[in-house]
Amino acid sequence: MSRKDSIYQKLMVEGRTDFAEYRAVEDRTGTEELLKAVMDYYERDKESIEEFTEYFKYHRAENIWNEFTSRLFSLEDFKEDKLVGLSILLMRDTKSIEAIKFGMLLTQLYILNNVSAAFKLIADLAVLDEFYELGIETLKSVRIFPVIRDSINRKRDYETR
């Protein structure tokens, strides 16, 4: 998959658009496949992004989050530092709304103030209705949250006119 096909790139080029083709088809439970995709990412497997996209065709990020974090923290070889790259990659390069939301949720596992790329991606995505609530909730931990929230709301107001 090329970066130019990602939802984030589409947002940057076209602004608001219909994301119906990127929505999850079902809402299943279970995180085995997701943990496998994370471990594949840790091992630098290039297919891991496709695994995330495939997984999130049938799962909603918010619904599997608690089960995922419980299982992730129980792993012996869990490396927190790699979550930064994974979250940015999922927000920037995937073609699945739920994978992007999962990337946004992953930012809760590290200090967002220290990662300007993730911070910017979330702020850009939060302009869209699909990501607004989760984006605002995620950005609340940032020191300049009121300024960012106002900027996002102004962009949303401007684009609806």
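What follows is calculated from the coordinates using simple rules that are stated; it is not laboratory data. Just so you know, these numbers come straight off a predicted model, no measurement behind them. Counting neighbours? That spans all protein chains shown, and the Cβs are built from the backbone with ideal geometry, glycine included.
Summary of values
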read-out: Convex hull volume per residue in cubic angstrom - Cα atoms of region 27-160; value: 102
read-out: Protection proxy ranking of 34-46, 114-126, 82-94, 65-77 - average other beta-carbon atoms within 10 Å, highest first; value: 82-94, 114-126, 34-46, 65-77
read-out: Candidate lysines for bridging to LYS36, where Cα separation is under 18 Å - those fewer than 8 sequence places away on the same chain excluded; value: LYS46, LYS57, LYS79, LYS82
read-out: Scattering profile of region 67-122 at q = 0.23 Å⁻¹ [log10 I(q)/I(0), Debye over alpha-carbon scatterers]; value: -0.90
read-out: Integer Hz, Karplus 6.51/-1.76/1.60 couplings in order for region 138-146, x for Gly and Pro; value: 5, 6, 4, 7, 7, 4, 9, 3, x
